[in-house]
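One structure is given here, and the rest of the page talks about it.
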Amino acid sequence: MKKLWMLLLIWSSVIYADAQEDKVCKEAKDKFEQVDYLVNNFKEYSGAFAIFSRSNVAYSFKNTKIQYKCLNKYKDRWLYLLHKNNKLYLLEKLYRTDKTNYLLPLYIGHLARKNNNTQKALDNYNKYITLKKDHLDKDVLKYIKSGGLIQHKSRWAKRLNGKSKIPREKFKNIFFDLKDKTVFKTTQTKELNLQSHFKLYGHNTADIGSYHVGNFYIDKDTTYNISLRTGNARACRVIVDNMILSNKTRFKKKHSFKKGLHKIEIEFLNRNSSYDLNFDMSVYVERHDDKFLKNLLNNQEFELMLVNYQPSYKGSHQGGGLEIKKETKSPEVTIKKSKKPVVLILQSTAKVNWKLKNTKNLKAVIVGKHSTLTDTLATDTKFDAIYHSKSNFRAKGQVLKNCRCIGAGGIYLCDTTFLSTYGKLKKLLGKSLDGYTYTSKEQFSVPQESVDANAIKMLNSKIELDKKACKERQIDKVFNY
């Protein structure tokens, strides 16, 4: 009897499944007739996609455990609608469970390209090529060949620079006025890090544009991080070898250069009372997380020294406005003699090219994350144990000082932040800080100050007691007798 009931249950399930499949198939036929009408006659993709909202058809497509053969002929059109409606998350979800359908990486690549995510677009297009193999999309092949860039020959160059020579290893900067249509200043700089307020060389910053061009020699095939930041542009284009790298006013991306000479151009239109243009091109380096660094240095004997370097820059007044020129600094760091191997953490508030001296006893260098992308590092002995960190080890001042209770509300404040950095390093590397340097000098020795772990512990204890006492003097106790 039990077996009979089991057979009846199985038979009922099969009957129900067949009925459900038949229902979904009929619904799919009806809905795709409507979709084809909207797409073919009106190019109405959002409306066509809305037809599937909360339908059995949409559920069946998204649920990879359900396999209805009748839906296979509609699947390509369904994926096309996802693509046209920017449903990247759905395409990626489907691709995680179906690695054989070439349309999935193709459409993911299209949407990544639309969002200016070049590397993601290239990665997915290459997966598409592996799956499709023949009769490939010509536009995709062209995109891959160009490295994801669009051909663009600057029209500004002919108007503003004409047949004039392009400088090597520096930028030629041409500033023009949008009102009187004339060039009012031409300069040359090694880097582009410019800021000005209200006036630039006597001209209103709201009415200016600038064109920057330079030829730069790359001595070997190298991948660079390229970034641009501006908060005041109407429009901006970065052009590399007559290909548009970006037309955004704020971006950061990797770009691979072949050995040889490469032309960099920037077209910039300002829009208000502040003019700022910050462009950086630095060799790409891998950055390591805290776990990697902890495993690298944990339970090893060494002295840990931290440098916090804040470059100083000079400002000059130009036509009533402040123009600041920030070029890469090259601080020279001399490591004092130590009985133990030294691990040196280098942290800067800007891009610098470090020069290390007396590196004979240096075990490792950790370069902290800072406001630009990377550093170059020169040592007086052969040394390659250099690790770039994702973490920031920035601190202000040398020790916590001038701690006090503010008002009756019991707010406890200290002027500087060294102790938080000290605690972070101890937790990260399992090692107390032995030496500390905070400077803006171009030449200095490290450490400038030795760090006593016991003194820090006592200071922390005192601060905790002070905080407790501070909180006890809250306003609620003013009227206690």
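Here, each number is a calculation from the coordinates, and none is a lab measurement. Treat the numbers as computed from the prediction; the structure is a model and nothing was measured. Cβ coordinates were reconstructed from backbone atoms using ideal geometry, including for glycine residues, and neighbour counts include every protein chain displayed.
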(message) Taking 0.36 nm per residue of sequence separation and subtracting the Cα-Cα distance, how much length would be gained by fully extending the chain between THR417 and THR100, in nm to one decimal?
(response) 108.7 nm
(request) Have a look at THR97, ALA50, PHE61 and report the one farthest towards the positive end of the charge dipole of the stretch 23-149, computed about the Cα centre with Cβ charges (Lys/Arg +1, Asp/Glu -1). (result) THR97
(message) My understanding is that a pair violates if its Cα-Cα distance is over 26 Å; which of LYS43/LYS252; LYS336/LYS441; LYS138/LYS158; LYS181/LYS351 do that in this structure?
(response) LYS43/LYS252; LYS138/LYS158; LYS181/LYS351
(message) Whole-Hz ³J(HN,Hα) for each residue in the stretch 166-173, computed from phi via Karplus 6.51 cos²θ - 1.76 cosθ + 1.60 with θ = phi - 60°, x for glycine and proline: what do you get?
(response) 9, x, 9, 6, 7, 9, 9, 10
(message) Strictly over 32 Å apart at the Cα level, which of LYS153/LYS253; LYS291/LYS357; LYS360/LYS390 would you flag in this model?
(response) none
(request) Report the label-to-label distance for SER445 and LEU136 in nanometres (one decimal), using points 7 Å from each Cα along the Cα→Cβ vector. (result) 6.1 nm
(request) Using amide H atoms built 1.01 Å from N in the peptide plane, name the residues 5+ places from HIS288, or on other chains, whose amide H lies under 5 Å from its own. (result) HIS388, SER389, LYS390
(request) Using packing as a proxy for protection, rank 207-215, 171-179, 34-42 so that the peptide with the highest average count of other Cβ atoms within 10 Å comes first. (result) 207-215, 171-179, 34-42
(request) Would you mind telling me the antiparallel percentage of the DSSP bridges in the chain, rounded to 5? (result) 65 percent
(request) Grab the beta carbon distance between GLU301 and TYR217, set R0 = 56 Å, and tell me the FRET efficiency rounded to 0.05. (result) 0.80
(request) Sort the following peptides by mean Cβ neighbour count (other Cβ atoms within 10 Å, averaged over residues), highest first: 424-431, 261-268. (result) 261-268, 424-431
(request) Report ³J(HN,Hα) in whole Hz for each residue of the stretch 423-433, in order, from the Karplus equation J = 6.51 cos²θ - 1.76 cosθ + 1.60 where θ = phi - 60°; Gly and Pro get x. (result) x, 4, 5, 5, 5, 5, 9, x, 9, 6, 6
